[in-house]
Amino acid sequence: MKRYGLLLLVTLSFTASAEPQALINAARQQIGVTVEYDGRYQRIAYPNGDVPNHTGVCTDVIIRAYRLLGIDLQQRVHQDMRAHFSAYPKLWGLTKPDTNIDHRRVPNLQKFFQRHGQSLPVSSRAESYLPGDLVTWMLPGNLPHIGIVSEQKNAKGVPLIIHNIGRGTRQEDVLFAYPVTGHYRYGD
């Protein structure tokens, strides 16, 4: 009986680590650390591979935040792509998954979150976006982007976003600055 209680405690503790505020706090830790934007292809370790902490792209904010919670999106995206490659976008001419880059591409994360998380309606209402939600946009030049909804809001009640749009990881008022293309919730 005691073993079961301990197992339950461990399970609840792990689930609590994927709480929205924990994700936000993990993302916020990158502010002032990831100070550059560099999207070039780099060979990285697998699993738990990463580019240098001082640099990265918008997806690295998401990947690093989840990794601090014990969730390796590099490994999870790779395993899903390996098993279901045809379900993922064919935008880069690849014939098989690539552990160095697949998890660092917004369209691949969108597909992964659609398949394994909650895909929520895109809305023009600020209250639809809850702390810890993931949002994707299409930036000018047809560039996909992703960020995490913060619990902090602007004066009008619109949630701020933690992201890296080219100047390092920051928390900014950009939720409705670009066309929203996706809205997701993901946790263990």
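Points worth noting:
- Separation of alpha-carbon centers, region 163-188 and region 30-55, rounded to whole Å: 18 Å
- Cα point-scatterer Debye curve for the chain, base-10 log of I(q)/I(0) at q = 0.12, 0.20 Å⁻¹: -0.57, -1.51
- In the chain, a dipole from Cβ-located charges (positive for Lys and Arg, negative for Asp and Glu) runs towards its positive end, and of Gln75, Tyr129, Val57 it is Gln75 whose Cα lies farthest in that direction.
- Each Lys and Arg adds +1 at its Cβ and each Asp and Glu adds -1 at its Cβ; summed about the Cα centre, the chain shows a dipole of about 340 debye.
- Build a GNM of the chain with springs between Cα atoms under 10 Å apart, and of Ile31, Ile146, Ile44 the one that fluctuates most is Ile44.
- Straightening the chain between Ala83 and Glu36 buys 13.6 nm, computed as 0.36 nm per residue apart minus the Cα-Cα spacing.
- Candidates Gly141, Gly117, Gly166, ranked by Gaussian network fluctuation over the chain, Cα under 10 Å, top entry: Gly141
- The chain: most fluctuating residue of Gln152, Gln74, Gln30 per GNM, C-alpha cutoff 10 Å: Gln152
- Once the chain from Gln75 to Arg115 is taken as fully extended at 0.36 nm per residue, the excess over their C-alpha distance is 12.9 nm.
- Here the Debye sum runs over all C-alpha atoms of region 48-105 as equal scatterers in vacuum, and log10 of I(q)/I(0) at q = 0.14, 0.21, 0.25 Å⁻¹ comes out as -0.38, -0.81, -1.05.
Just so you know, all these numbers are worked out from the coordinates, no wet-lab data involved. If you're wondering where the values come from, they're calculated on a predicted model, not measured in any experiment. As a convention, Cβ positions derive from the backbone with ideal geometry for all residues, glycine included, and neighbour counts pool all protein chains shown.
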